[in-house]
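*Asks:* Got a structure for you, written out below as structure tokens; questions coming shortly.
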Amino acid sequence: MSTRGQQAHGDREAGAAGCCPLYHEAIELVGRRWTGAILRVLMDGQLRFSEVAQAVPELSDRLLSERMKELESRGIVERTVKPGPPLRVEYELSIMGRELEPALSELERWARRWLRPRQHVGV
């Protein structure tokens, strides 16, 4: 390999080794199974747990609860308990979560342009 080729190869390796850990953490957080779908439905406003579950029907209540707790603990989602019979718990994106909206909207536009809907095969 020429010196120039070695330099280009070395630059790629340096770039790969230099991946920002915060970027990686953000991608891992948002990219966790069902998290993107949860964030997407919360972009439309405050919802009760059951409304999020209805908006993402393939998501189990157990996993939804786990993801909501994680997003709340990370400061991305805010949980509000409304008193009175019946007691209501509502979720909405925090300021931090709302700042994800442009990136998530752009990802949605990219997906609609480049990805094809999965074909479900009947059994």
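The values are calculated or read from the model by the stated rules, or taken from the named source; none is laboratory data. Fair warning: this is a prediction, and the values are worked out from it, not measured in the lab. With ideal geometry, Cβ positions are generated from the backbone for all residues, glycine too; neighbour counts draw on all protein chains shown.
*Asks:* Kindly indicate which of SER60, SER2 is modelled with pLDDT of 95 or more and among the hydroxyl-bearing types (Ser, Thr, Tyr).
*Replies:* Testing whether each residue is modelled with pLDDT of 95 or more and among the hydroxyl-bearing types (Ser, Thr, Tyr) leaves just SER60.
*Asks:* Another question, then. Name, by its number, the condition in (1) acidic (Asp, Glu); (2) without any contact (Cβ under 8 Å) to a residue 12 or more places away in the chain; (3) more than 21 Å from TYR23 (Cα to Cα) that does not hold for GLU106.
*Replies:* (3)
*Asks:* With in contact with a strand residue (DSSP E or B) (Cβ under 9 Å, 6 or more places away or on another chain), exposed (fewer than 11 other Cβ atoms within 10 Å of the Cβ) and in a loop (DSSP other than H, G, I, E, B) as the only criterion, which of GLY84, GLY45 stands out?
*Replies:* Exactly one residue qualifies, and that residue is GLY45.
*Asks:* Could you list, in sequence order, the residues of region 48-81 that are of a type in the set (Lys, Arg) and exposed (fewer than 15 other Cβ atoms within 10 Å of the Cβ)?
*Replies:* ARG48, ARG62, LYS69, ARG74, ARG79
*Asks:* Just the residues that are over 15 Å from MET96 (Cα atoms) and of a type in the set (Gly, Ala, Ser), please, taken from region 37-67.
*Replies:* Within region 37-67, ALA37, SER50, ALA53, ALA55, SER60, SER65 qualify.
*Asks:* Further question: Pairs needed: first member in region 42-54, charged (D, E, K, R); second member anywhere, surrounded by fewer than 16 Cβ atoms within 10 Å (Cβ to Cβ) and not in a helix (DSSP H, G or I); C-beta distance under 7 Å; at least 6 residues apart or different chains.
*Replies:* ARG48/ARG88; ARG48/VAL89
*Asks:* State the number of residues belonging to region 50-81 that are part of a loop (DSSP other than H, G, I, E, B) and touching a helix residue (DSSP H, G or I) at 6+ places or on another chain (Cβ under 7 Å).
*Replies:* Qualifying residue count, region 50-81: 5.
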